[in-house]
Amino acid sequence: MIDHTLVKRFRTEVGDRLARQRRIDQANGLPPMTAEDERQFARALIAQVLEEHARAEIAQGRTPPTAEEEEALASAVHAALFGVGRLQPLLDDPEIENIDINGCDRVFISYADGREVMGEPVADSDEELIELVQILAAYSGLSSRPFDSANPQLDLRLPDGSRLSAVMDVTVRPALSIRRARLAKVFLSDLVGNGTLTPEVGRFLAAAVAARKNIMIAGSTNAGKTTLLRALANEIPPHERLITVERALELGLDRFPELHPNVVAFEERLPNSEGQGAITMAELVRRSLRMNPSRVIVGEVLGDEIVTMLNAMTQGNDGSLSTIHANSSMEVFNRIATYALQAEERLPVEATHMLIAGAIDFVVFIEKRNDYARGGRLRRFVSSIREVTGCDGRVLSSEVFAPGPDGRAVPHAPISCIEELAAHGYDPALEVWR
């Protein structure tokens, strides 16, 4: 059992020494340490502090920590400085999917099989919880992100690829949600294997990506949109140059150079304390078009970047991928139109629908059902795929895959671009039509 009081004390001591070294380096005109150098230097400081503690214990006639206890303390102190502190054991559990925290001692854990349980406190106080999030914000992402009364909202990717969303001062107690990245390196075959896709849908999606079709993945929160997006991206040939645009780095395609050696990951930049320096998603999408992309992948559409992205899709950047929140494949078109109305361009609904019809080829809808309470388990599955076929004031579409007996999508209607898909290995003769 780790003594968290000791961890907190050692973390403060090491943090003070680290800050002192930064000031010394600055006074001597030395360049600041890189993030990795600082982590390694911190490890040396932690060993130093632990050695001093052992000597003090011996001098007081007490038994110093054993080698195993020292190793556990060192890991905990380093995690408190640069990692996720007491959250680490939860992130190390491969069966945990989501962690919701409503104050330091209200921890709710969701497992892959649908179980939901209450966990142990992750901090001794709400102030310590806020401090933990602030440390994570300083060391995650491409730039330090503030989390304080002036900036009470935060989104970022943790070192293991999980996504954290935190708020303070707009809630009675600080709250955060962590969405685990359990399937970072995932392929369509994996999703067929776990039941998310039928084999028919897997073959179709592989061909659609190879044929450079523009695909929008839709679904509710935590339905598995990002995981499906990763699997689709991993169907893209390794010679292609990918540009990803995200609010907070999450896709992580650049972490697997054996799959995608040529990736540039863009992350939205928030304004500084003076309200300057912000770089929006829309600006990043525009910038991505000047970076010689083979394909542009927008992690999640939530606002004014939608018009820029749709324009990009119609300007020769075929094969783009993105995700959007929606309750059905049909609702996606109205959701996009709503975002477009809020964008700087203020596109009317009719113009947006024309833009959608020219930009998006397929909408893939993925849903989540938790039957654990009824003796089942948590299920995620693609239930509908809609092909955009034109525009007549509104977007015209055909549901080419519709829910089957178990809810998963099965072939439902002819595909208008079937010849293009067939050229990339999709054989409609293998499919069973309803």
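Of the residues Asp37, Asp100, the single one that is of a type in the set (Asp, Glu) and in contact with a strand residue (DSSP E or B) (Cβ under 8 Å, 6 or more places away or on another chain) is Asp100. Of all residue pairs spaced 6 or more apart or on separate chains, those with beta-carbon atoms under 6 Å, a first member in segment 162-183 that is within 14 Å of Asp148 (Cα to Cα) and a second member that is part of a loop (DSSP other than H, G, I, E, B) and open to solvent by 60 Å² or more (accessible area, probe 1.4 Å) are Asp169/Ser149. In the set Arg62, Arg145, only one residue is part of a loop (DSSP other than H, G, I, E, B) and surrounded by fewer than 12 Cβ atoms within 10 Å (Cβ to Cβ); that residue is Arg62. Against the test of being modelled with pLDDT of 85 or more, open to solvent by less than 20 Å² (accessible area, probe 1.4 Å) and under 24 Å from the mean Cα position of the chain (by Cα), the options Ile130, Ile101, Ile46 yield a single qualifying residue, Ile101. Criterion applied to Ser416, Ser384 was being surrounded by 20 or more Cβ atoms within 10 Å (Cβ to Cβ) and among the polar types (S, T, N, Q), and the one residue passing it is Ser384. Among the residues of segment 260-271, just one is outside any strand (DSSP E or B) and touching a residue at least 40 places away in the same chain (Cβ under 8 Å), namely Leu270.
Scan segment 150-175 residue by residue and report those that are part of a loop (DSSP other than H, G, I, E, B) and modelled with pLDDT of 90 or more. Across segment 150-175, the qualifying residues are Pro152, Met168, Asp169, Val170, Thr171, Val172, Arg173, Pro174. Tell me whether segment 334-354 contains one or more residues that are open to solvent by less than 70 Å² (accessible area, probe 1.4 Å), among the acidic types (Asp, Glu) and in contact (Cβ under 8 Å) with a residue 12 or more places away in the chain. Within segment 334-354 (the criterion being open to solvent by less than 70 Å² (accessible area, probe 1.4 Å), among the acidic types (Asp, Glu) and in contact (Cβ under 8 Å) with a residue 12 or more places away in the chain), the answer is no, since none of the residues qualifies. Hey, can you tell me all the residues within segment 1-31 that are at pLDDT below 85 and either open to solvent by 80 Å² or more (accessible area, probe 1.4 Å) or in a loop (DSSP other than H, G, I, E, B) (or both)? Result: Met1, Ile2, Asp3, Thr5, Lys8. Each residue in segment 188-204 was checked for being in a loop (DSSP other than H, G, I, E, B) and either among the polar types (S, T, N, Q) or open to solvent by 60 Å² or more (accessible area, probe 1.4 Å) (or both), and 3 of them qualify.
For segment 302-313, the count of residues that are open to solvent by 50 Å² or more (accessible area, probe 1.4 Å), over 24 Å from Ser220 (Cβ atoms) and over 17 Å from the mean Cα position of the chain (by Cα) is nonzero. Within segment 375-400, residues that are on the phi > 0 side of the Ramachandran plot have Cβ atoms under 7 Å from residues that are acidic (Asp, Glu) and open to solvent by 40 Å² or more (accessible area, probe 1.4 Å) in these pairs: Gly393/Glu350, counting only partners at least 6 apart in sequence or on another chain.
When Val107 is tested against (1) open to solvent by less than 10 Å² (accessible area, probe 1.4 Å); (2) in contact (Cβ under 8 Å) with a residue 24 or more places away in the chain, just one condition goes unmet, and that condition is (2).
Do we find that Lys185 is open to solvent by less than 40 Å² (accessible area, probe 1.4 Å) and part of a loop (DSSP other than H, G, I, E, B) in this structure? So Lys185 fails the test. None of Ala218, Ala278, Ala282 is under 26 Å from Arg380 (Cβ atoms) and not aromatic (Phe, Trp, Tyr) except Ala218.
Take the conditions (1) closer than 17 Å to Ala79 by Cα; (2) buried (at least 17 other Cβ atoms within 10 Å of the Cβ); (3) not small (Gly, Ala, Ser); Asp160 misses just one of them, which is (2).
Could you give every pair whose Cβ atoms fall below 7 Å, whose first residue belongs to segment 298-323 and is over 19 Å from Ala231 (Cβ atoms), and whose second residue is at pLDDT below 85 and in a strand (DSSP E or B), counting only separations of at least 6 or pairs across chains? That search, which allows pairs on different chains as well, returns nothing. Could you please find all residues in segment 25-74 being acidic (Asp, Glu) and touching a helix residue (DSSP H, G or I) at 6+ places or on another chain (Cβ under 6 Å)? Matches in segment 25-74: Glu70 only.
Kindly indicate the residue of segment 184-216 that is touching a residue at least 24 places away in the same chain (Cβ under 8 Å) and under 30 Å from Val107 (Cβ atoms) and also farthest from the chain's Cα centre (by Cα) among those meeting that condition. Going through the qualifying residues, I end up with Gly195.
Entry remark, segment 354-399: residues being assigned to a strand (DSSP E or B) and within 29 Å of the chain's Cα centre (by Cα) number 21 in total.
The values are calculated or read from the model by the stated rules, or taken from the named source; none is laboratory data. Everything quoted here is computed from the prediction, not taken from an experiment. Note that we place each Cβ from the backbone using ideal geometry, even for glycine, and neighbour counts take in every protein chain shown. Ligands, DNA and RNA are excluded from the accessible area calculation, which covers all protein heavy atoms including side chains. Shrake-Rupley method; radii C 1.70, N 1.55, O 1.52, S 1.80 Å.
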